[in-house]
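One structure below.
The values are calculated or read from the model by the stated rules, or taken from the named source; none is laboratory data. As the structure is a prediction and not an experimental result, all values here were calculated from the model. Here Cβ is always computed from backbone atoms with ideal geometry, including for glycine, and neighbour counts include all displayed protein chains. Side chains included, ligands, DNA and RNA excluded: accessible areas come from the protein's heavy atoms. Shrake-Rupley method; radii C 1.70, N 1.55, O 1.52, S 1.80 Å.
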Amino acid sequence: MLLVEDNALTREVAQGLLGHQGVQVQVAHHGLEAVEWLRASGPDACVLVLMDLPLPVLDGYAATRRLRERQELRGLPVIAMTASALAEDKERALASGMNAHITKPIDVDLMLRTMADWIGAGADAANAAPGSADAAAQPA
């Protein structure tokens with residue numbers, strides 16, 4: 001799994017929570033780093049991306065749009081994990097190609113359920129039209 005997060009404390013908390021669940025976590029500190037790592041590593045490098053929205057260098061919206069431009073990365077589930085909790089933030093995240101939107105502070109059960117839903121849904125659900133899923137957990 002790829003965690004794209006610029007805040008050191010949030011990275012530490014998320015890595016700890018995910019590690020406790022047995023999830024191996026690769027970290028990117030901004031959107032461009034995430035895009036470059038995924039391009040270099042290929043579509044099988046991870047099963048899911050947790051992406052913050054406001055990021056330095058390249059924000060989560062633009063990073064996701066860049067990922068979706070690449071055929072081999074279109075099926076990779078990208079979940080916004082952000083303090084940006086307004087309805088407009090959720091809509092913008094889904095419109096950029098993200099599959100779901102969860103907010104900080106992290107609700108661990110919701111995060112794990114959402115991740116499991118999208119990992120289990122596979123490429124077909126990840127290729128569904130943006131915004132067609134309830135961001136709280138149900139893939140299209």
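Below are the figures for this structure:
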{"read-out": "Rounded accessible area per residue of the chain, 1.4 Å, Å²", "value": "47"}
{"read-out": "Apportionment of accessible area to carbon and sulfur, the chain, percent (1.4 Å)", "value": "49"}
{"read-out": "Answer label, with semi-axes √(5λ) of the Cα gyration tensor in Å calculated from the coordinates and candidates (i) 20, 19, 16; (ii) 32, 17, 16; (iii) 18, 17, 16", "value": "(iii)"}
{"read-out": "Highest average packing first - 26-32, 95-101, Cβ atoms within 10 Å", "value": "95-101, 26-32"}
{"read-out": "Sorted peptide list for 76-82, 64-70, 108-114, criterion being average Cβ within 10 angstrom, highest first", "value": "76-82, 64-70, 108-114"}
